[in-house]
Every structure is written in C-alpha cells, then in structure tokens.
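The values are calculated or read from the model by the stated rules, or taken from the named source; none is laboratory data. Being a predicted model, the structure only gives us computed values, none of them experimental. With ideal geometry, Cβ positions are generated from the backbone for all residues, glycine too; neighbour counts draw on all protein chains shown. The accessibility values were calculated without ligands, DNA or RNA, using every heavy atom of the protein model including side chains. Shrake-Rupley method; radii C 1.70, N 1.55, O 1.52, S 1.80 Å.
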Amino acid sequence: RLSPGRRRRRGPAAEGSSPRDGGFMLCQVSVLYFARSAELAGLRCETLSVPREITSLQLWEEIVKVHPRLALIRDQVVFAVRQEYVLLGDQLLVLQPGDEVAIIPPISGG
C-alpha cells in the first residue's frame with residue numbers, strides 16, 4: 001500500500017445543513033488518489049465530508065469541486081468505493097464514516 005502522503009481535511013460539503021432543515025446527512029470518507037489523480041489533486045490522501053446517500057457521479061462531482069483539475073481524467077478514471085469498482089453514473093451509494101474512495105487513473109506500462 002502506498003504511504004498516505006499529506007492529509008488535508010475539508011469542511012462539510014453542505015455547510016450549515018442538517019437533517020432537520022432538509023439538508024443532507026454528511027459523513028467523512030477517506031479519498032485516496034493514485035498516479036495522475038494524485039498529481040492533479042496535489043496530494044495522495046484526504047478526508048472529505050460528503051452526503052451519506054449519493055450517486056457515484058455526484059460523489060465524483062463533489063471531489064472535482066475540491067480539485068477541479070481532476071475533471072481532465074473523468075473519462076479515463078477507475079473509481080472504487082470500499083475496494084469495489086464503481087461506474088460513474090446513477091448508482092446510489094450509501095456511505096459509512098471512514099469508507100475509502102479511490103481515484104485510479106489508467107496506468108500505462110509494458
């Protein structure tokens with residue numbers, strides 16, 4: 001496993017929201033960046049607060065809000081949640097605090 005590198009904590013994605021006011025229930029997930037995604041994000045690991053119930057595409061969009069340069073690899077990225085590959089789309093994810101989300105771009109080699 002790669003060393004985590006620098007860690008950066010981010011505040012809630014929907015600051016000020018609470019379940020009582022119609023907002024989202026948030027949880028913190030660990031986002032791991034590999035290869036080109038780590039270069040574009042400028043770090044290898046961080047903790048983000050995201051809605052607990054979110055589609056895989058919405059989760060990707062939340063990550064891209066924090067690191068807009070990741071949009072460059074959207075069509076080539078492999079996305080994994082809890083070590084399970086996930087297609088970017090309408091698949092609903094129910095996240096738990098501490099879940100790992102990995103951003104794995106294609107790796108070339110011979």
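Annotation: amide H of residue 78 within the under-5 Å range of 104, sequence separation 5 or more or interchain, hydrogens built in the peptide plane. Near the amide H of residue 44, within less than 5 Å, lie the amide hydrogens of 6, all on another chain or at least 5 residues away, with H placed in the peptide plane. If only the Cβ of Lys and Arg carry +1 and only the Cβ of Asp and Glu carry -1, the dipole of the range 34-98 around its Cα centre is close to 180 debye.
In the full protein context, the range 26-104 carries 49 Å² of accessible surface per residue, based on a 1.4 Å probe and ignoring ligands, DNA and RNA.
In whole Å and largest first, what semi-axes does the C-alpha gyration tensor of the range 26-104 yield when each eigenvalue is scaled by 5 and square-rooted? Please list the in-between numbers first.
Numbers: eigenvalues 62, 37, 25 Å².
Whole-Å semi-axes of the equivalent ellipsoid: 18, 14, 11.
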